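We did not get these values from a lab; they are worked out from the coordinates using the rules stated. Computed from a predicted structure; not experimentally measured. Here the Cβ is made from the backbone with ideal geometry for all residues, glycine too, and neighbour counts use every protein chain on show.
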Amino acid sequence: MRDPTPPGVARSQKTTAAAKTATRPRSRRTQRNGASSSHIFPYQADEVIGGDSVNAIKSRLLAKTPSPSFYEIEQARIDAQDRFEVNVEIIRQMDPLHPEGDWLGRGARALENPHTATGEHSLEKLHTLFSDLESRGVNSESFSQLKGKVPLRGGGDEHFTT
C-alpha cells in the first residue's frame, strides 16, 4: 500500500497529521472566513441518504434559474455538497437518538424548510442544528423539533411522530 504522506516527512509527523485529519469535522470544507480546507467530498452526487442526494439539492437550488451559468451551476454544486454533508451528519446523529424514526430512509424530510423558495435551510442553520444535537442530544431543542417531522420506520407518510 502506497503511503500518501509526502516524502521527507518524518514518521511522527505523519502520525500527527493523520490524527489531526481524523478528528477534523468532515462538514467544515468551507471555513467561516471563506478559505477552503483540503477536504475530499466523501459522497457520490447521486448517492441517496435520508431520501436526499447532492443532485436533488442542487436541482432545487437551481430551480428558479431558467438558464444558469457555469459559475451558478458550480456554486450550486458546492452549496449542495455542503448542505448534504451536514444533513447526513444530522441524520446519522438522529438515527440512534430516535430509533423509531426512519432517519436513514426519509430523514431529509425533517430537514425541509417550507418557508424558503428552495425548501432548504441555510448552511448556518444546519450547522446550528447539528451542533445542538451533538452537544445536548435528546435534551436539545433540535431533537424535539426534528423527531416529529420524520416518518416512523415501516410506516407510511401518515405515521409521523408527535
Exercise. For Asp102, which sequence-distant residues (separation of 5 or more, or a different chain) have an amide H within less than 5 Å of its own amide H, given hydrogens modelled in the peptide plane?
Worked result: Leu152, Arg153
For this session: Averaging sequence separations of C-alpha pairs under 8 Å and six or more residues apart, then dividing by the length of segment 73-139, give the relative contact order as a whole percent.
Result: 35 percent
For this session: Could I have the simple spin-label model distance between Ser69 and Leu152, label points 7 Å from Cα toward Cβ, reported in nm to one decimal?
Result: 5.1 nm
Seminar exercise, completed: Gyration tensor (Cα only) of segment 36-99 to equivalent ellipsoid, semi-axes in Å sorted down, yields 24, 14, 9
Exercise. Using 7 Å Cα-to-Cβ label points, what is the Ser59/Val138 separation (nm, one decimal)?
Worked result: 3.7 nm
Exercise. How large is ³J(HN,Hα) for each residue in segment 70-81, as worked out from phi by the Karplus curve 6.51 cos²θ - 1.76 cosθ + 1.60 (θ = phi - 60°), to whole Hz, x for Gly and Pro?
Worked result: 4, 4, 5, 5, 5, 4, 5, 4, 5, 4, 5, 4
